[in-house]
1. Checking the condition loosely packed, with under 14 Cβ neighbours inside 10 Å and either touching a strand residue (DSSP E or B) at 6+ places or on another chain (Cβ under 8 Å) or assigned by TED's automatic domain parsing to the domain that holds Arg24 (or both), which residue from Gly126, Gly137 passes?
2. I'm trying to understand the selection: among the residues of the range 73-94, which are crowded, with 17+ Cβ neighbours inside 10 Å and more than 18 Å from the chain's Cα centre (by Cα)?
3. Quick one: in the range 130-187, which of the residues that are out of contact with any Leu (no Cβ under 7 Å at 6 or more places or on another chain) and among the basic types (Lys, Arg) is nearest to Asp198 (Cα to Cα)?
4. With respect to the numbered conditions (1) without any contact (Cβ under 8 Å) to a residue 60 or more places away in the chain; (2) not in a loop (DSSP other than H, G, I, E, B), which one is the sole condition not fulfilled by Gln57?
5. On the basis of being aromatic (Phe, Trp, Tyr), at pLDDT 95 or above and under 16 Å from Pro7 (Cα atoms), does Trp179 make the cut?
6. Output the number of the condition that Leu27 fails; it satisfies all remaining conditions of (1) modelled with pLDDT of 95 or more; (2) over 17 Å from the mean Cα position of the chain (by Cα).
7. Identify, from the list Ala125, Ala164, Ala152, Ala140, the residue that is at pLDDT below 95, hydrophobic (A, V, I, L, M, F, W, C) and within 26 Å of Ser85 (Cβ to Cβ).
Amino acid sequence: MTPRLIPLQSRPAQAWRNGGGQTRELLAWPEAVDWRLRISVADVAQEGPFSLYPGVQRHLAVWQGAGLALHREEGGAEPITLTPSSPAWAFEGEWRISASLLDGPVRDLNLMCRGLPGELRPAVAGHLFAPAHRAAGLFATQPGVCWARPGAGGGDLLSWPLRAETLCWFDAAPAEIWWAPDLMPLGPGPSAWWLSADMKDE
């Protein structure tokens, strides 16, 4: 059981069409062009609309900057405010969303699933995470160690040291995973985020 370790800075930045920011794609499955699972980090530099992804379940978490106010055009819903202290927000890719910056640029983590169940949630240091899906991992915003047990009910623990801003991804999810940051959280948000999805063929 060996995870993929994908540093954010190893991935090329792709500018948005509207010039409002850039995205670094950490993982796309089964391929980058026609993905069903995509994990990425976006730098949002100015206000503007989200791209539309019909048929995609999106999960969004802010982890740097003051935060975002997200406005949905349909339905007259109240704006959603996301800060580093907020849980991830799940929404449909066909919703028309525009984003306002609360106080300057932000950086956010994105999990996008097309026809697959998935989850994005904060990692609590030292707390067991038992993935509910076939593939799982974490994105570390600070340096630390990912611990995992391949099977339930005992067995050897394995570990991988992670640098800050690194995705640790298991194509076959371990039964149990833990996160141990090297330092106390440096900001208001978590030091890592759990991600999981059912990476499976039709």
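1. Working: Gly137 fails: loosely packed, with under 14 Cβ neighbours inside 10 Å.
Result: Gly126 is the single residue among Gly126, Gly137 that is loosely packed, with under 14 Cβ neighbours inside 10 Å and either touching a strand residue (DSSP E or B) at 6+ places or on another chain (Cβ under 8 Å) or assigned by TED's automatic domain parsing to the domain that holds Arg24 (or both).
2. Selection gives nothing.
3. Arg134
4. With (1) without any contact (Cβ under 8 Å) to a residue 60 or more places away in the chain; (2) not in a loop (DSSP other than H, G, I, E, B) applied to Gln57, the lone miss is (1).
5. Numbers: aromatic (Phe, Trp, Tyr): yes; at pLDDT 95 or above: yes; under 16 Å from Pro7 (Cα atoms): no.
Against the criterion (aromatic (Phe, Trp, Tyr), at pLDDT 95 or above and under 16 Å from Pro7 (Cα atoms)), Trp179 does not qualify.
6. Result: Leu27 fails condition (2) only.
7. Values: Ala164 fails: at pLDDT below 95; Ala152 fails: within 26 Å of Ser85 (Cβ to Cβ); Ala140 fails: at pLDDT below 95.
Answer to the selection: Ala125.
Okay, residues lined up against (1) hydrophobic (A, V, I, L, M, F, W, C); (2) touching a residue at least 60 places away in the same chain (Cβ under 8 Å); (3) out of contact with any Phe, Trp or Tyr (no Cβ under 6 Å at 6 or more places or on another chain):
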{"position": "Gly115", "(1), (2), (3)": "no, yes, yes"}
{"position": "Leu157", "(1), (2), (3)": "yes, no, no"}
{"position": "Ala173", "(1), (2), (3)": "yes, no, yes"}
{"position": "Pro181", "(1), (2), (3)": "no, no, yes"}
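The values are calculated or read from the model by the stated rules, or taken from the named source; none is laboratory data. This structure is a prediction, so every number in the text was calculated from the model and none was measured. Cβ atoms come from the backbone with ideal geometry, glycine included; neighbour counts cover every protein chain shown.
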